[in-house]
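Below you'll find the structure, written out as structure tokens, and then a few comments.
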């Protein structure tokens, strides 16, 4: 469950390691890629959006990077949108 501006919605999500996208050869279209520093205990939780979700939910807004959402009761920061050629499951 995602809460944004106190409005709940359901999206598919998965937890991955910092090297997940590098291993798959998936690159960021907007924002920065995940890295090993995202795996360190105490690191700020971050979110990666699929290209499809970025367009559908946010209209492709470029100012989405840095926006905070609550995902499963944890505050997280949106940091990247994947390129449209990424073969990552979209919500």
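The values are calculated or read from the model by the stated rules, or taken from the named source; none is laboratory data. All of these numbers come straight from a predicted model, not from anything done at the bench. All Cβ positions, glycine included, derive from the backbone under ideal geometry; neighbour counts span all protein chains shown.
Below are the figures for this structure:
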quantity: Residue satisfying all of: in the stretch 24-75; assigned to a loop (DSSP other than H, G, I, E, B), at pLDDT 90 or above and on the phi > 0 side of the Ramachandran plot; surrounded by the fewest Cβ atoms within 10 Å (Cβ to Cβ) among these; calculated: 42
quantity: Every residue from the stretch 1-23 that is out of contact with any strand residue (DSSP E or B) (no Cβ under 6 Å at 6 or more places or on another chain) and either at pLDDT below 85 or surrounded by fewer than 11 Cβ atoms within 10 Å (Cβ to Cβ) (or both); calculated: 5, 6, 7, 8, 10, 12, 14, 15, 23
